[in-house]
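Read-outs throughout are calculated quantities, based only on the coordinates presented, and are distinct from any laboratory measurement. Please read all numbers here as calculations on a predicted model, not as lab measurements. No Cβ is skipped: glycine too gets one built from the backbone with ideal geometry, and neighbour counts run over all protein chains shown.
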Amino acid sequence: MIDLLCAAIDRLSTALLWVSKAALIGLIGVTLYEVVARYILNAPTLWSSDIGYMLNGALFLLAIAYTLLSGNHIRVDFFSARFSPRLQDWINAVFFAVVLLPALTWLSWVTARRFWRAYETGELDPMSSWAPLIWPFYLVITIGFMTLALQVLVETIRHIRGTSPQIKRG
């Protein structure tokens, strides 16, 4: 049962990576459109900056869980790499369970509340002259943090079991 849950969370992280890739293509398109509109047509857009920062934030937040899954987060393990694989697993499991998982759970809760408040009130981006609804961006932030928290849970389980692919074994 736990293996099925872990596999489902891995698939979710991978699916969000593809959404992130689509956001990158959208960001490129918006940027190119703005460059043409501004410098060739002399008609800058009001919305491109807002869409740009939202897509940029989305692509990073939606890919962050996959980055953990694939072992591509930056690690400072020059010291712990000298330990046995099993001790490395336990160090990572304790850090993930005691520090990272509670912090990400709290961040997920805070961002979910912020998203819901913005949705209920129809909040507009206060820093923008275009003033788009801000709740879709807050929703993406929430999804990114929640998925990362779930992926941290999966990685914690893998470290406890001694099956994490990030640890070099013999």
Task: Electrostatic dipole magnitude of the chain [Cβ: Lys, Arg +1; Asp, Glu -1; Cα centre; debye, to 20] - done: 600
TODO: Would you mind ranking Arg158, Arg113 by Cβ crowding within 10 Å, fewest neighbours first?
DONE: Arg113, Arg158
Task: [x] 37, 19, 13; [y] 23, 20, 16; [z] 33, 23, 16, with the label sought being that of the calculated semi-axes √(5λ) of the Cα gyration tensor in Å - done: [x]
Open item on the list: Report the gain in length on full extension from Thr45 to Thr14: 0.36 nm times residue separation, minus Cα-Cα distance, nm rounded to one decimal.
Closed with: 7.8 nm
Open item on the list: Students often check this: by mean Cβ neighbours within 10 Å, which of 142-155, 69-82, 18-31, 121-134 ranks highest, and how do the rest follow?
Closed with: 142-155, 18-31, 121-134, 69-82
- [ ] For the stretch 118-124, just list the computed ³J(HN,Hα) in residue order, Karplus coefficients 6.51, -1.76 and 1.60, θ = phi - 60°, integers in Hz, with x standing in for Gly and Pro.
- [x] 5, 5, 5, 8, x, 4, 9
